[in-house]
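Let me begin by presenting the structure, written as C-alpha cells, before commenting on it.
Laboratory data are not the source of any read-out in this text; all were calculated from the coordinates shown. Nothing here was measured: the structure is a model prediction, and the numbers come from that model. Glycine also receives a Cβ, built like all others from the backbone with ideal geometry; neighbour counts cover every protein chain displayed.
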Amino acid sequence: MSITRASIVLLASCLLIGCAEQKMEDLQRFVENAHKGRKPRVEPLPRIKPHETYTYTATQLTDPFSKSNLVRNTPTQATGNAPDLNRRKEPLEQYPLDSLRMVGTLSKDETSWAVIRAPDGTVHRAQSGNYLGKNYGKIIKVTSNKLFITEIVSGGNENWIERETSIAIVK
C-alpha cells in the first residue's frame, strides 16, 4: 500500500515540475497589448431635475380634529336587539368569519348541516341557529352551496346593526 502511495506522489510531482518550466512570454505579451489603445466608454450620468417644492397651507383648511367635523353614523337598520352577551359561546365563534371555509354539506331528512373548516384545520358541523364568527353571526339558512348568516355589529351609541352575509362553498 505504501509503494502505491509513493509512486502516486512521485508521478504527481513530475507532472507539476513539467508545467513550471514552460515559458509563457507570448501569453504575457498578449495580455499587455490586448487592450492597450482602448479606452472604456462610459455613458454620462443623467441630468437630475430639481425637485419642485410644495408649500402646504393647512392654516386655510378646517381643523380635522375639531368637534364640528365629527359626523355620527346613523345606522339604517338599527335594532334594539343587542346580542346576548351571557350566552355560552359556540366553538366557531372564536374565529373571524373570513377565516372559516365551507367545504361541504350533510343532510338527513329535512335537516341540512354545513361542514366548516376552521383555520386550525378542525372540521365542524353547523346548522341553522348555530353561531359563528366574531360579530355574533347566526346561521339563518344552509343550502347545498352557501351558508346565509346574519351578524349583529355595533353601530355606535349603543345601537346595533344587523347585516346579512354568506359563506360560499370552496371547491
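Based on the Cα atoms of the chain, what semi-axes does the equivalent ellipsoid have, where each is the square root of 5 times one gyration tensor eigenvalue, given in whole Å with the largest first? Spell out each step's value before the answer.
Working: eigenvalues 1161, 342, 49 Å².
So the equivalent ellipsoid measures 76, 41, 16 Å along its semi-axes.
Of all the Cα-Cα pairs you can form in region 92-168, what percent are over 16 Å apart?
Values: 1369 of 2926 pairs.
Tail of the P(r) past 16 Å holds 47 percent of the pairs.
Which residue, Asn81, Trp160, Gln127, has the largest displacement toward the positive end of the dipole of the chain when charges sit on each Cβ (Lys, Arg +1; Asp, Glu -1)?
Farthest towards the positive end: Gln127.
In deg cm²/dmol, rounded to 500, what helix-only [θ] at 222 nm does the chain give when every DSSP H run of at least 4 residues adds -39500 (n - 2.57) and the total is split over its residues?
Working: 2 runs with 28 residues, N = 171.
So the calculated ellipticity at 222 nm is -5500 deg cm²/dmol.
Assign unit charges at the C-beta atoms only (+1 for Lys and Arg, -1 for Asp and Glu), then state the dipole size of region 92-168 relative to its Cα centre in Debye, rounded to the nearest 20. Mind showing how you got there, number by number?
Values: 9 positive and 9 negative charges, 55 e Å.
Approximately 260 debye in magnitude.
Considering only DSSP states other than H, G, I, E and B, which chymotrypsin sites (Phe, Trp or Tyr not before Pro) in region 110-139 qualify as loop sites with at most 15 other Cβ atoms within 10 Å?
Answer in residue order: no site qualifies.
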